[in-house]
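Undergrad: Quick one: the structure is below, questions incoming.
Just so it is clear, none of the values below were taken in a lab; they were calculated from the coordinates. The structure presented is a predicted model; accordingly, all values stated were derived computationally and were not measured. Positions of Cβ are generated from backbone atoms using ideal geometry, with glycine treated the same way; all protein chains shown enter the neighbour counts.
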Amino acid sequence: MAHSLPPMVNSRRLGAIALVITFATLSSVAYGWRPFVTTDNAIDVCVNRSNGDMHAIASGDACKSSEDQVVLAVGPGATGATGPQGPQGPTGPQGPQGDTGAAGANGQTGPQGATGAQGPVGPQGPTGAAGAPGATGAAGATGATGAAGAAGTTGQDGVSVFSSASVTLGSVTPVQVPGLTTTVTTLGTSVLYISTDGGIVNDGLFPGDYVQVDVRVLVDGVVVADRAYDVEIAQFAYKSYWSVALIVTPTAGTHTVTVDAFRRSAGTLHTAQPTATLAGSSNSMLRGTLTVLTLNK
């Protein structure tokens with residue numbers, strides 16, 4: 001008859017019980033036991049009452065009078081908790097590449113897509129060649145004659161003359177500049193605008209040689225303007241230019257305008273007094289001019 005484990009057996013650890021059961025199962029000589037085979041899910045065990053020793057017996061055998069019989073369930077215990085996952089092992093070498101499979105058959109042609117939207121209009125082409133000119137139209141009627149314009153100003157004129165040669169001045173006697181003379185005709189309401197210019201050269205040989213030259217404008221032999229010009233020889237300096245402009249109100253008729261000049265004074269540290277040269281011909285940078293404008297008031 002099976003009994004429950006005595007109190008002293010309850011205090012044993014489960015590991016000791018398992019060890020005794022294992023030893024008793026595998027040994028055929030311990031305690032004079034004989035081997036047995038069980039196909040049940042339990043093992044019969046005899047436990048000594050005095051010292052707690054135990055041994056397994058075959059199913060159907062009886063324990064000694066000093067022992068208690070205990071039935072232990074045999075079979076898988078409850079599944080324990082899953083332990084933590086171990087580290088991943090190293091990656092194995094790559095296997096050889098397999099053979100390329102045969103090409104598959106071509107798929108069926110899909111249906112034609114819908115027609116796209118019409119594109120934008122292209123740029124305008126180049127302009128075509130001009131057409132042939134049309135026939136000349138009939139002449140239109142002659143328009144009316146316009147009113148006569150106001151009478152233009154009469155009696156106005158202008159003239160310019162140039163020096164034809166140079167003139168050398170060595171005294172106070174006036175000398176006309178060659179080419180600088182002209183004749184004009186005026187009305188009773190006319191004025192004359194007169195201007196003249198040209199070059200003056202000091203003919204001295206030494207620095208410090210000095211001349212003063214007067215240039216005059218005459219109308220009908222009467223002096224209407226007189227200007228004095230000083231020219232001294234210095235480093236890179238030996239010439240100057242005259243320039244005179246004025247307005248004269250003459251009587252009606254013909255008038256002659258003339259330009260003349262004279263040497264007013266001269267000075268030098270040497271023996272000979274320097275002379276002066278005025279104007280020049282057409283190829284000279286000293287060439288003089290005389291301009292007379294006849295204007296109506």
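Undergrad: I'd like the Karplus ³J(HN,Hα) series for segment 43-55: coefficients 6.51, -1.76, 1.60, θ = phi - 60°, whole numbers in Hz, and an x wherever there's a Gly or Pro.
TA: With the stated coefficients, segment 43-55 comes to 10, 8, 10, 9, 10, 5, 6, 8, 10, x, 5, 9, 8 Hz.
Undergrad: If you don't mind, there's one more thing I want to ask. What's the ranking of 63-72, 260-269, 87-96 by average number of surrounding C-beta atoms within 10 Å, highest first? Don't skip to the end; give the middle numbers.
TA: Values: 63-72: 15.2, 260-269: 17.4, 87-96: 6.0.
The peptides rank, most packed first, as 260-269, 63-72, 87-96.
Undergrad: Once you list every other residue whose beta carbon is under 11 Å from the beta carbon of Tyr238, what net charge do they have if Lys and Arg are +1 and Asp and Glu are -1?
TA: -2
Undergrad: For every other residue with a beta carbon closer than 15 angstrom to the beta carbon of Thr185, add +1 if it is Lys or Arg and -1 if Asp or Glu, then tell me the sum.
TA: Numbers: positive: none; negative: Asp157, Asp220.
Local charge sum for Thr185: -2.
Undergrad: Related question: How many angstrom lie between the C-alpha centres of segment 187-234 and segment 246-278?
TA: Centre-to-centre (Cα) distance: 5 Å.
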